[in-house]
Structure formats: C-alpha cells, structure tokens
1. Among L92, L47, N280, flag the residue with its Cα farthest along the positive direction of the charge dipole of the chain, charges on Cβ as +1 for Lys/Arg and -1 for Asp/Glu.
2. For K213 and E276, what is the calculated FRET efficiency with R₀ set at 41 Å and r taken between the beta-carbons, to the nearest 0.05?
3. May I ask you to derive the FRET efficiency for N234 and N136 from their Cβ-Cβ distance with R0 = 25 Å, giving the value to the nearest 0.05?
4. Would you mind calculating the gained length between K101 and N190 on full extension (0.36 nm times residue separation, minus the Cα-Cα distance), in nm to one decimal?
5. Where both partners of a DSSP beta bridge lie in segment 12-316, what percent of those bridges are antiparallel, to the nearest 5?
6. Where nothing but the Cβ of Lys and Arg (+1) and of Asp and Glu (-1) is charged, how large is the charge dipole of segment 83-173 around its Cα centre, in debye to the nearest 20?
7. Rounded to the nearest 20 debye, what is the charge dipole size of the chain about its Cα centre when +1 sits on each Lys and Arg Cβ and -1 on each Asp and Glu Cβ?
8. Whole number in Å², please: accessible area per residue of segment 12-316, 1.4 Å probe, ligands, DNA and RNA not counted.
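The values are calculated or read from the model by the stated rules, or taken from the named source; none is laboratory data. Quick caveat, the model's predicted, so the values are computed rather than measured. Here the Cβ is made from the backbone with ideal geometry for all residues, glycine too, and neighbour counts use every protein chain on show. SASA here: full protein model, heavy atoms, side chains in, ligands and nucleic acids out. Shrake-Rupley method; radii C 1.70, N 1.55, O 1.52, S 1.80 Å.
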Amino acid sequence: MLIDSFGRTIDYIRISVTKNCNFRCKYCMPNTPDEIEENLIPLDKMLEFLKIAMDYGVKKIRITGGEPLLRKDLSLFIKGIYDYKNNIEVALTTNGYLLKKYAKNLKDSGLKRINVSLDSLKKEKIELISKKDALNNVLEGLKEAKQSGLKIKLNMVPLKGINDNEIISMLDFAINEGFLLRYIEYMENNFASNAIKGLRSFEILENIQKKYKYTMLKKEMFGPAKLYKINNTNNVFGIIAPHNDEFCLSCNRIRITAEGVICPCLYFQDAVDVGEAIRNTDKKAMEEALLLAIKNKPEKNKWQEGEISSRAFYHTGG
Ligand code: SAM
Ligand code: SF4
C-alpha cells in the first residue's frame with residue numbers, strides 16, 4: 001500500500017500520455033504550436049511502471065493528456081493494463097474530438113468509462129474557448145461512445161462572461177443524455193489566458209438554483225467532486241472545487257507525465273523523474289522513485305490562498 005506522510009492512501013494514478021493537443025483551451029494552454037516530444041515514453045514501457053504501482057495497491061488509473069486520443073496505440077495500452085489486473089478501474093479523459101473514430105476500439109480494449117470535456121453547446125463558444133470548430137465532432141463522438149456502451153461523464157469549466165450562461169442548459173443536456181455533468185472550478189495557472197475568470201462553486205450553485213432545488217449528497221468515490229441530487233428526481237451533478245479547504249484532505253492521487261516525471265501534486269513544481277528508469281525497465285529504480293514521490297507529496301495546494309500555479313495542466317494531465 002502507498003501511504004503518504006500525511007496518512008493518505010494513494011491508490012490512484014493519472015497518466016498523461018502526451019502534452020500535445022488538437023485544442024488550445026483558453027484556461028489550459030497557450031496558443032503556440034505543438035512541441036516535438038523527444039522524450040515520450042513508449043506505452044509498453046510505461047505499462048511496466050504501472051504494473052509496479054498496481055502491485056503497490058493502485059486501484060484506479062486515469063489516462064489523460066494533452067489529448068490522449070492523439071496516441072495511436074492507446075487501446076492496446078489499455079488492454080495491457082486490464083490483462084495485468086482485470087479488476088483495475090481504468091478511465092480516460094478526452095476532449096472528444098477523435099472519439100467517433102476510437103470509441104468502439106476503446107470499448108473493445110476493456111474500457112468502461114470516459115470523461116469528455118465539453119464547455120458549451122454553442123458552436124461559436126466552443127471555437128472561442130478551444131480555438132477549434134469542434135462542437136459537431138464532439139457531439140458525434142459522444143453519440144458513438146454512448147452507442148458503444150461506454151459510461152460517460154462530462155466536465156465543464158464555467159468561465160465568467162463566456163459560458164456561465166450555459167450552466168443550466170449543459171445540465172439539462174447531460175440529464176437528457178444520461179451523462180453525469182461535473183462542473184470544475186477554473187484553476188489559475190501561468191499558461192492560461194490572462195483574461196480568464198472562473199466561477200467558484202457557490203456561484204455555480206446560485207445559477208443552478210434559478211431552475212432546480214438540490215440536496216448535497218456525498219463526495220464522489222475515488223473522486224474530488226461533491227455530488228448534488230436535484231430534488232424529487234434521480235438526477236445528479238457534481239462540482240470539483242479545488243479552492244475549498246477540504247479538497248486536499250482526501251487526495252488519493254499522483255500524476256505521471258508522458259516523459260516519466262511523477263508529480264505528487266497538481267499545484268507544485270516538485271517532481272521525481274523516473275523517465276530513465278522506465279526507458280531501461282529498471283524495476284528497482286522505478287519502485288524507489290514511486291516511493292520517493294509518495295513521501296514528497298505535499299499536504300495541500302495553494303489555490304485556497306488565491307495563488308497561481310506554474311504547472312501546465314496539459315503537461316500533467318489536469
Ligand atoms: N485533453 C483532455 C480534455 O480536455 O479532456 C484531457 C486533458 S485536460 C488537461 C483534463 C481536464 O482538465 C479537462 O477536463 C479540462 O477541462 C481540465 N482543465 C484544464 N485546465 C484547467 C484549468 N485551468 N482549470 C480547471 N480545469 C482545467
Ligand atoms: Fe487540450 Fe484538454 Fe487542455 Fe483543452 S483542456 S487544451 S483539450 S489538454
């Protein structure tokens with residue numbers, strides 16, 4: 001079992017498989033060209049690291065990026081994870097642009113759940129946020145994923161003056177489609193556009209109250225979201241609020257980048273580079289690096305204090 005210096009059990013790894021992306025979301029990435037990823041670790045090598053983590057009790061692996069569907073051998077990688085441990089929980093976070101093409105492959109690899117980031121149902125707003133005319137592709141991707149039998153959650157980052165007038169229409173869309181919508185508070189970082197201002201959870205709830213009465217349920221299992229049930233229905237939505245004090249208390253995760261850098265916290269720069277050990281399949285060095293990263297995990301982030309992170313979320317996987 002992996003237990004950090006503050007007594008938290010770490011049983012969840014988020015793996016970023018590329019820092020490149022086919023979108024340029026205002027809140028995540030600067031509008032600069034993709035980089036050549038010289039130190040990208042082959043996924044079969046990365047699997048050997050994950051096997052060590054699974055042996056240490058990791059129960060959940062989320063594949064993210066950049067845009068993970070840009071890695072063509074992804075379905076094979078997912079199958080490799082399930083072949084090693086068939087009761088592992090694997091999930092994928094994607095912007096959905098390539099989902100129509102890959103949904104069935106992903107389902108066939110054993111994947112059961114995906115999170116699709118969707119910030120608006122308006123074509124021009126999606127283009128404004130992501131710099132891509134992408135709405136149609138994402139909606140078709142969602143349709144294909146649903147037909148393939150994948151369970152779907154939607155992630156929306158509400159931004160002041162941009163998509164905050166869609167908080168309710170996004171919820172209605174998710175409810176109609178049978179998806180769980182989770183609103184994510186914008187996390188301030190050095191790579192986002194300066195003009196961006198996010199909504200805090202109380203502001204998101206104020207918007208929802210205009211149409212629905214709701215009751216808070218519990219924190220999501222294995223997740224940072226607080227769940228709310230719309231009264232007199234079975235419909236649920238979630239809010240991920242890293243600006244809240246209690247957010248870090250139950251943190252159960254570490255992250256690894258596509259170059260093999262283990263990041264114990266999304267906020268801090270502190271990291272352990274395990275890339276060379278992974279490339280050489282040096283199991284002892286991989287194990288030592290994993291244990292060091294767990295030992296180094298900080299107690300809490302600094303968004304509560306209104307600070308800005310110098311971590312790039314497209315690098316660590318958000
Ligand atoms: N490209 C994929 C996608 O967008 O789903 C996966 C990577 S993205 C970094 C993972 C998640 O982080 C997305 O749901 C995205 O909305 C969220 N995210 C990125 N930057 C963020 C920020 N500054 N604040 C809050 N959420 C952010
Ligand atoms: Fe790409 Fe996802 Fe970041 Fe948007 S949020 S730029 S889709 S990595």
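1. Of the candidates, L92 comes out farthest on the positive side.
2. 0.15
3. The value I calculate is 0.25.
4. Between K101 and N190, full extension yields an extra 28.7 nm.
5. Approximately 30 percent, going by the DSSP bridge assignments.
6. Result for segment 83-173 is approximately 240 debye, rounded to the nearest 20.
7. Details: 50 positive and 41 negative charges, 219 e Å.
That gives a dipole near 1060 debye.
8. Normalised by residue count, the accessible surface of segment 12-316 is 44 Å².
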